[in-house]
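Worksheet: one structure, shown below.
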Amino acid sequence: MNATTPVSGRTVALSAAVIGIGLLGDTLIYAVLPLYHQQFGISLAMVGVLLSLNRWVRLFANSAVAAIGEHVGARNLMIAAALGSIVSTTCYGLDGGEILQILARMLWGFSFAALNLGSLAYAVADRANAGKRVGASRGMIGVAQALAFIGGALLVLSVGPRDVFLIFGALTTFALIAALLLPVLPTEPVRPRGFRLPRPQRLEVWGFLLGFSGDGVFLLALAFLLRDSVTSVAPIVATCLVLSLRCLVDAGGGPIGGWMSDRFGARLVAILTGSGLVVGYVLVALHADLVGSIVVVLMRGLFNTLIPVMVMQRAHGGYLASQASYSTWRDFGAAIGPLTAPWLFLNISQSWLFGALAAIMVMGVFFCLARR
């Protein structure tokens, strides 16, 4: 992959379609499983384990998948991942109890690692327009997730919480078709190396903080704050509407962040965006829940575009390995966040909790983004 690699906008759109469609089952399960866990034959305690399990798997899968991708290429990586997403989504709807759900979530952890790294490799192949293309790709994925929430909620009410995943499993076959249509992306020359967990550098530390606060504590705390706010519709519909709004904001923020990073530089925009994230946490600490939440969600959407561009700019070897290093540490933070968030939210006041998150992110902006 280099500056002259001919990757068209159609190819980037195809790669986004692969991951967007592949995400259908994983997207909906975050809304369905907590509300209907008894129909799946699992305890409420197991719900938290299952929803974070794929993140724990990805701590190891990111580096392993990147090493495989550097040898087999991004196209083959995405074909295999599309197959994995079909199997895992279908298994969510089968009557197999906890064991089957655990295996399905583990398979999805590997599949998403491959989908994420493969789609980013296509998006940044044209380095001069990397931000714009990553933003467009993330925007398409966000729209697909929002549609999954809205359509999935209606299907749950019509066919039930299990059968909806069998339908989504069938729809996920379109991800495989899109993957087969992808052109071969030239692999980068890299030194042979064995599997190793990446050492965190400043960008990885920022990823950990972003994953822990934004993908972990904030999202679960937000659910606690909003769970009694909407009572006029079925709980599954209310939950999916809130989560789909987050996806739509991410979809809108992605292209904006891509354009800004190409025009002004990803590092400068990241500093401003990180500062905005701090402001959002401060607003939530001051009990301006709605405004603060909107600010945090918007800033997270921008970072979904900025980080792949920053990773590309710092990569000295293969892009897949560099992106895997960042993704591993963000996943680590996002895996710890959901496990600790309920205890933190129930035992620490909202003002102190989000004030502490704001202070931690201030240090992250200064030491990880602003310092050269």
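The values are calculated or read from the model by the stated rules, or taken from the named source; none is laboratory data. Quick caveat, the model's predicted, so the values are computed rather than measured. Here Cβ is always computed from backbone atoms with ideal geometry, including for glycine, and neighbour counts include all displayed protein chains. Note: accessible area is taken over every heavy atom of the protein model, side chains too, but ligands, DNA and RNA are not part of it. Shrake-Rupley method; radii C 1.70, N 1.55, O 1.52, S 1.80 Å.
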- Inspect the range 72-87 for any residue being out of contact with any strand residue (DSSP E or B) (no Cβ under 7 Å at 6 or more places or on another chain), open to solvent by less than 10 Å² (accessible area, probe 1.4 Å) and at pLDDT below 90 and give the result as yes or no. yes
- Task: Residue by residue through the range 350-372, note down the ones that are open to solvent by less than 60 Å² (accessible area, probe 1.4 Å) and either closer than 19 Å to VAL282 by Cα or among the charged types (D, E, K, R) (or both).
- Result: GLN350, SER351, LEU353, PHE354, GLY355, ALA356, LEU357, ALA358, ALA359, MET361, GLY364, VAL365
- Those residues of the range 167-189 which are surrounded by 17 or more Cβ atoms within 10 Å (Cβ to Cβ) and modelled with pLDDT of 90 or more, in sequence order: ILE167, PHE168, GLY169, THR172, PHE174, ALA175, LEU176, ALA178, ALA179, LEU182
- Task: Give the number of residues within the range 212-224 that are at pLDDT 65 or above and surrounded by fewer than 22 Cβ atoms within 10 Å (Cβ to Cβ).
- Result: 4
- Task: Being of a type outside the set (Lys, Arg), open to solvent by 10 Å² or more (accessible area, probe 1.4 Å) and assigned to a helix (DSSP H, G or I) is the filter here, so list the residues in the range 262-284 that pass it.
- Result: ASP262, PHE264, LEU268, ILE271, LEU272, SER275, GLY276, VAL278, VAL279, VAL282, LEU283
- So PRO192, is it at pLDDT 70 or above and open to solvent by 40 Å² or more (accessible area, probe 1.4 Å): no
- Message: Checking the condition closer than 19 Å to PHE165 by Cα, open to solvent by 20 Å² or more (accessible area, probe 1.4 Å), among the small types (Gly, Ala, Ser) and assigned to a helix (DSSP H, G or I), which residue from ALA144, ALA45 passes?
- Response: ALA144
